[in-house]
Amino acid sequence: MSSKNMHDHAVDAHEDHHDHKPAGFLDRWLFTTNHKDIGTLYLVFSLTMFLIGGLMAMVIRAELFMPGLQLVEPDFFNQMTTMHALVMVFGAVMPAWVGFANWMIPMMIGAPDMALPRMNNWSFWILPFAFVMLLSTLFMESGGPAAGWTLYPPLSLQGGQSFAFVVFSVHMMGISSIMGSINVISTILNMRAPGMTLLRMPLFVWTWLITAFLLIAVMPVLAGAVTMLLTDHFFGTSFFNAAGGGDPIMFQHIFWFFGHPEVYIMILPAFGVVSEIIPTFSRKPLFGYAAMVYATASIAFLSFIVWAHHMFTVGMPLTGELFFMYATMLIAVPTGVKVFNWVSTMWHGSMTFEPPMLFAIGFVVLFTIGGMSGLMLAIASVDLQYHDTYFVVAHFHYVLVPGSVFALMAGTYYWLPKWTGRMYSERWAKIHFWLSAVSVNVLFFPQHYLGLAGMPRRIPDYSVQFADFNMISSMGGFVFGLSQLIFVGVIVHCVYKSRQAADGRVWEGAKGLEWTLSSPPPYHSFNTPPAINSSTVAHADEYSH
Amino acid sequence: MQMNTAIDSALRKVTDTHDFQQRRLRAVRTAWILAAMAVLIFVAFVLSGVLAD
């Protein structure tokens with residue numbers, strides 16, 4: 001509690017007791033149109049999916065603990081790798097960011113709620129049905145999808161009847177994401193308080209605005225690709241069936257035109273959260289605010305023109321390989337700008353290391369490792385060696401776990417007192433951080449060596465020379481998995497047991513409209529537009545036009 | 001900066017809860033445009049597959 005502001009001057013003028021909060025459980029949660037309630041639903045859903053996807057990861061690591069087949073059949077192992085990815089990408093990380101967007105964007109821009117509250121309700125409640133449908137395939141005769149989350153044909157077309165359920169669930173997830181994105185863009189463009197110009201918006205709002213445009217651009221592409229898979233599988237078309245004149249490589253192009261921006265959809269909001277947290281605990285304004293905005297936009301643009309670096313081994317013209325190689329490397333420039341600005345923000349700052357800051361610093365260091373291995377993979381000639389090995393698994397897990405997931409945890413620890421009105425146990429949160437930070441490296445770092453030594457991904461068995469590193473990796477995995485139970489415990493304790501009330505401005509260095517509201521905030525965030533000035537918004541003076 | 005504060009202040013006076021309703025109407029228009037974009041992209045990609053087939 002070192003940085004809890006005991007001299008809080010939170011503006012609480014909006015709190016009244018006539019907030020029209022529904023009384024009944026169903027009215028409150030099933031029919032809700034309130035951005036905070038929907039945000040909570042998203043976050044609870046994504047945490048549930050995080051635990052389910054994590055259990056699948058435990059099955060994978062347990063099977064790989066030793067060479068030879070130990071626990072599961074190879075086909076079930078393939079279902080686990082596929083489902084783990086689908087659940088984590090579409091069920092855990094993406095909905096978690098939408099949850100953050102729902103909770104924070106209206107409060108950060110000075111709006112009472114999201115612009116389209118009923119659609120907001122609908123976009124959430126589609127998700128549980130989509131994932132029940134997806135997970136139900138594991139109990140069907142033909143089993144769940146087992147071709148990897150990329151659903152490459154012809155392998156994915158060799159699945160059974162349950163494939164229709166997979167495709168339909170992907171459609172539903174896509175519809176949910178698109179509706180969520182439309183809501184975010186409509187809210188940011190139309191609901192900002194007077195004076196909240198675009199270049200005064202918090203970085204989290206900026207990163208979400210750009211993410212939402214990415215989502216609208218690429219989710220229909222995925223929907224189109226899986227629709228064509230569906231008709232190839234069930235209606236005799238040959239979009240991707242070589243025997244009928246189709247081209248399976250075309251699927252890879254279409255999939256990765258979606259898939260690469262998808263990576264940035266999961267990481268850009270993480271950049272936003274970290275850009276909120278580091279200035280707060282460095283007690284300095286963010287270094288290079290405008291550069292951060294332009295870097296985010298540049299990364300988003302570049303994400304559309306690099307997709308074929310995922311498929312260097314399919315064979316393409318040399319000019320194509322060169323283009324995709326250099327375009328991919330170019331992404332390191334705006335990403336480097338961001339890392340430089342985060343470090344510069346901390347430089348000479350009065351830093352303290354509360355749990356959100358620990359996770360944010362962990363993010364900067366470990367995400368950068370993932371970025372560096374990404375640069376290695378971008379080199380077309382070298383990628384021929386790395387492709388489809390555990391090096392790739394190590395790379396994208398460094399980007400997504402100590403990247404996106406750490407940022408989600410940082411954001412949760414940052415705003416949880418705001419959401420609940422209660423302070424959590426910082427001691428347990430720090431234990432959670434240190435266990436996670438050590439074990440995540442034990443889990444994923446050895447996988448670089450496994451990949452360089454030639455261990456292919458998506459296999460349940462391997463040669464004995466890979467045994468030691470796999471055992472170390474699995475042990476790291478078990479510790480990482482178990483340590484996430486501390487995260488759940490800290491949240492549950494904070495929500496139901498904590499007696500330590502949180503102030504409006506929870507952290508003394510925090511700036512932004514959300515901190516001018518009480519903790520927890522009133523049911524409708526800002527019924528009258530708040531004042532936008534240098535005391536309430538971080539960059540009000542710099543960009544006053 | 002002072003001028004900006006004055007503009008902000010003036011804008012605040014004319015922006016009441018009713019104005020948020022106007023903003024929501026504008027937001028609905030934005031939403032339809034974005035939804036149309038999404039549908040167009042979906043149709044374009046499936047059509048490109050049909051034409052290439």
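Computed from the coordinates by the stated procedures, all read-outs in this text should not be read as laboratory data. Bear in mind that the values here come from a model prediction, so they are computed numbers and not experimental data. So basically every Cβ, Gly included, is an ideal-geometry build from the backbone, and we count neighbours across all protein chains shown.
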For the range A:32-96, what does the alpha-carbon gyration tensor say about shape, rounded, prolate or oblate, given a ≥ b ≥ c as the root eigenvalues, a/c under 1.5 as rounded, and a/b over b/c as prolate?
-> prolate
Which residues qualify? For residue A:389, with a placed amide H closer than 5 Å and at least 5 residues away or on another chain, they are A:457
Please list the equivalent ellipsoid semi-axes of the range A:182-254, computed as the square roots of five times the alpha-carbon gyration tensor eigenvalues, in descending order and whole angstrom.
-> 42, 11, 6
For the range A:211-226, Karplus couplings with θ = phi - 60° (6.51, -1.76, 1.60), whole Hz, Gly/Pro x | 4, 5, 5, 4, 4, 5, 6, 10, 5, x, 5, 4, 4, x, 4, 6
Output the relative contact order of the range A:16-113, whole-number percent, from Cα pairs under 8 angstrom with separation of 6+ residues.
-> 40 percent
Of A:284/A:418; A:338/A:497; A:284/A:430; A:21/A:430; A:21/A:418, those spanning more than 29 Å from alpha-carbon to alpha-carbon = A:338/A:497; A:21/A:430
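How would you rank A:463, A:436, A:238, going from fewest to most other Cβ atoms within 10 Å of each one's own Cβ?
Numbers: A:463 10, A:436 25, A:238 15.
In order of increasing Cβ crowding within 10 Å: A:463, A:238, A:436.
Quick one: work out Rg over Rh on the C-alpha atoms of the range A:269-420, Rh as Kirkwood radius.
On the way: Rg = 17.1 Å, Rh = 16.5 Å.
Radius of gyration relative to Kirkwood radius: 1.04.
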Once you have a ≥ b ≥ c as the square roots of the Cα gyration tensor eigenvalues for the range A:446-545, tell me rounded if a/c is under 1.5, and otherwise prolate or oblate according to whether a/b is larger than b/c.
-> prolate
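If contacts are Cα pairs under 8 angstrom and at least 6 residues apart, what is the relative contact order of chain A in percent? Don't skip to the end; give the middle numbers.
Numbers: 923 pairs, mean separation 116.5, N = 545.
RCO, chain A: 21 percent.
Taking a cut-off of 15 Å, what percent of all Cα-Cα pairs in the range A:309-351 are separated by more than that? Walk me through the numbers before you get to the answer.
Working: 522 of 903 pairs.
Taking all Cα-Cα pairs of the range A:309-351, the fraction more than 15 Å apart is 58 percent.
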Interchain or long-range residues, amide H under 5 Å from residue A:422's placed H = A:502
Bin all alpha-carbon pair distances of the range A:64-112 at 10 Å intervals from 0 and give each bin's fraction as a whole percent.
-> 22, 28, 21, 15, 11, 5
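What whole-number volume per residue, in cubic angstrom, does the convex hull of the C-alpha atoms of the range A:411-458 give? The partial results should precede the final answer.
Values: hull volume 4.4 nm³, N = 48.
Spelled out: Cα convex hull of the range A:411-458, divided by residues, is 91 Å³.
Across all directions of projection, what mean area in square nanometres is found for the Cα convex hull of the range A:203-301? Show your work: numbers first, answer last.
Numbers: hull surface 28.4 nm².
Average of the hull's projected areas for the range A:203-301 equals 7.1 nm².
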Residues A:63, A:141, A:73, A:426 arranged by fewest to most Cβ contacts within 10 Å | A:141, A:73, A:426, A:63
Counting other C-beta atoms within 10 Å, which of A:122, A:97 has the fewest, and how do the rest follow?
-> A:122, A:97
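Would you kindly give the portion of the calculated P(r) for the protein assembly as shown that falls above 37 Å, as a percent of all Cα pairs?
Details: 56393 of 178503 pairs.
Everything past 37 Å amounts to 32 percent.
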Given the rule -39500 (n - 2.57) for each run of at least 4 DSSP H residues, summed and divided by the residues of chain A, what is its mean residue ellipticity at 222 nm, to the nearest 500 deg cm²/dmol?
-> -21000 deg cm²/dmol
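What shape does the range A:384-426 take by its C-alpha gyration tensor, where a ≥ b ≥ c are the square roots of the eigenvalues and a/c under 1.5 counts as rounded, a/b above b/c as prolate, and the rest as oblate? It would help to have the intermediate numbers written out before the result.
Values: a/c = 7.43, a/b = 4.98, b/c = 1.49.
The shape class here is prolate.
When N is the residue count of the range A:123-263, what does its C-alpha Rg come to as a fraction of 2.2 N^0.38 Å? If you can, show how the numbers build up before the last one.
Working: Rg = 18.0 Å, N = 141, 2.2 N^0.38 = 14.4 Å.
Ratio of Rg to 2.2 N^0.38 Å for the range A:123-263: 1.25.
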Rel. contact order, % - alpha carbon contacts under 8 angstrom, at least six apart, the range A:117-276 | 25 percent
Of A:275, A:302, A:345, which is farthest along the charge dipole of the range A:239-370 in the positive direction, counting Lys and Arg as +1 and Asp and Glu as -1 at C-beta?
-> A:345
